[in-house]
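The values are calculated or read from the model by the stated rules, or taken from the named source; none is laboratory data. All values reported here derive from a predicted model rather than from experimental measurement. Cβ: placed from backbone, ideal geometry, glycine included. Neighbour counts: every protein chain shown. Calculation scope for accessible area: heavy atoms of the full protein, side chains included, ligands and nucleic acids excluded. Shrake-Rupley method; radii C 1.70, N 1.55, O 1.52, S 1.80 Å.
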Amino acid sequence: MRRPDDRWVHAAKVALAATAVVGAVALLLVLAVNTLIERNLARDIDNRLATVLSADAAAPPGSIVPSSGRHGGDVDDVPAFVWRVGPTGQVTALSVGAPELPAHEWQAGTVSMPTGGGTFRYAAVPSQGGWLVAGESVARAHDARGDLWAVELALGALLLIVTFVGAFIV
């Protein structure tokens, strides 16, 4: 015959196993969702940079363009800056207030690099024997990721507590 304490121990073991399974599934879901969100954030930045490059490629040589971060009139957007890299590697900022462009062997496409104390996402297209480069800080995307992780951690802890208590009671 079982002692009454054995039932509590068994209930705790079952609740712990159920909590571990729910925790593992939740972790996999969080990783999948975060990967999707991070890809979407990077794609959105890349799309904005491509739009800036196509608009600024039509600008006459030597012209200065405003930092074109106000996409669709949104004053809360991060500004995108534009530079022209000549065939000899000489860099000319085409946007007012643009930070110094890091030295890089530019190729068509996008790349993320540290710039002026933060990380920027850059897109480059060939232009007039050199490169037209647009860049945007990814600090807001990084902050969004941090906020997302904090919310997921809090909700995950709550989910695990509720799972354990619910499985233990049943």
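Assuming G86 fulfils every condition listed in (1) within 30 Å of N34 (Cβ to Cβ); (2) more than 19 Å from the chain's Cα centre (by Cα) apart from one, which condition is it?
For G86, the exception is condition (1).
Being within 18 Å of L153 (Cβ to Cβ), surrounded by 11 or more Cβ atoms within 10 Å (Cβ to Cβ) and not β-branched (V, I, T) is the filter here, so list the residues in the stretch 9-30 that pass it.
The answer is A20, G23, A26, L27, L29.
Can you name the residue in the stretch 105-120 that is part of a loop (DSSP other than H, G, I, E, B) and at pLDDT 90 or above and, of all such residues, is most open to solvent (accessible area, probe 1.4 Å)?
E105
Let me confirm something: among P87, P61, which residue is touching a Gly at 6+ places or on another chain (Cβ under 7 Å) and either modelled with pLDDT of 60 or more or small (G, A, S) (or both)?
When all the criteria are applied, what remains is P87.
Inspect all residues belonging to the stretch 99-112 and state whether any of them is out of contact with any strand residue (DSSP E or B) (no Cβ under 9 Å at 6 or more places or on another chain) and either under 20 Å from A42 (Cα atoms) or among the aliphatic types (A, V, I, L, M) (or both).
no
Give the number of residues within the stretch 126-149 that are farther than 18 Å from E38 by Cβ and without any contact (Cβ under 8 Å) to a residue 24 or more places away in the chain.
1
Under 6 Å between Cβ atoms, at least 6 apart or on separate chains: pull out the pairs that start in the stretch 150-170 with a residue that is closer than 15 Å to V25 by Cα and end on any residue that is aliphatic (A, V, I, L, M) and open to solvent by 60 Å² or more (accessible area, probe 1.4 Å).
Within 6 Å, no pair qualifies.
Going through the stretch 1-42 one residue at a time, which ones are among the basic types (K, R) and assigned to a loop (DSSP other than H, G, I, E, B)?
The answer is R2, R3.
Exactly one condition in (1) out of contact with any helix residue (DSSP H, G or I) (no Cβ under 8 Å at 6 or more places or on another chain); (2) closer than 27 Å to A144 by Cα; (3) at pLDDT 90 or above; (4) not β-branched (V, I, T) is false for R48; which is it?
All conditions pass for R48, except number (1).
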